[in-house]
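To keep things clear, I will list the structure first and then write my remarks on it.
What follows draws every value from the coordinates through simple rules; no lab data is involved. The structure presented is a predicted model; accordingly, all values stated were derived computationally and were not measured. Here the Cβ positions follow ideal geometry from the backbone for every residue, glycine too, while neighbour counts run over all protein chains shown.
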């Protein structure tokens, strides 16, 4: 029988959490649920993660790593991009990260509050890399932007990311409540919302 490495076991735990998150809410999922989806016992999970929030934080870190790869691809594969083309590629990179958007808008506070500092620092490193990666794109494709304009772009867009999921994933119950409250509801896809925001920020 093949013995799994520590990284492989961590990945198995994170994958189990991700699978459960497709059908259950963050609050509904327990460590017991996660352990039942793995090939080892619940106490074994504590060798890698002390809380379910740490597992979710690791999942979020993995989502940022996937997004970073897409941002790097935009940087490497393009010598020049006009505003509309940049907004299109950037929006497509975010559209693929619906799970990232869901986690940061719905569960980030709980994940950060209930994770050990070393786990949180590890996650924040990936977040910081994403800030630097977006800045690198602006430096390459928008040389006429001032340093202040680039800073404003970054610190306008990243907070905006926290609101994308709720605005693009309204439930039938939420839509019904909006209608009964006589509040107009207009559906935007993730792509549309990000594209329009990037165009305005540029």
Q: Output the peptides 177-186, 107-116 sorted from most to least packed, where packing is the average of other Cβ atoms within 10 Å over each peptide's residues.
A: 107-116, 177-186
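How much length is gained if the chain between residue 7 and residue 189 is pulled fully straight, taking 0.36 nm per residue apart and subtracting their Cα-Cα distance, in nm to one decimal? Mind dumping the intermediate values first?
Numbers: separation 182, 0.36 × 182 = 65.52 nm, distance 3.52 nm.
That pair, residue 7 and residue 189, stretches by 62.0 nm at full extension.
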**Q.** Degrees between helix 117-141 axis and first principal axis of the chain (Cα, 0 to 90, nearest 10)
**A.** 20 degrees
Q) For the Cα atoms of the chain, what angle does the longest principal axis make with the long axis of helix 190-201, in degrees from 0 to 90, nearest 10? A) 40 degrees
(Q) So if I average 1/r over every pair of distinct C-alpha atoms in region 133-188 and take the inverse, what Kirkwood radius in Å does that give? (A) 13.9 Å
Q) So, by mean Cβ neighbours within 10 angstrom, what's the order for 137-150, 59-72, 157-170 with the highest one leading? A) 59-72, 157-170, 137-150
Q. So how tilted is helix 52-77 from the main axis of the chain? Cα-based, degrees 0 to 90, rounded to 10.
A. 40 degrees
Q) If we count other beta carbons within 10 Å of each Cβ, what is the order of 154, 13, fewest first? A) 154, 13
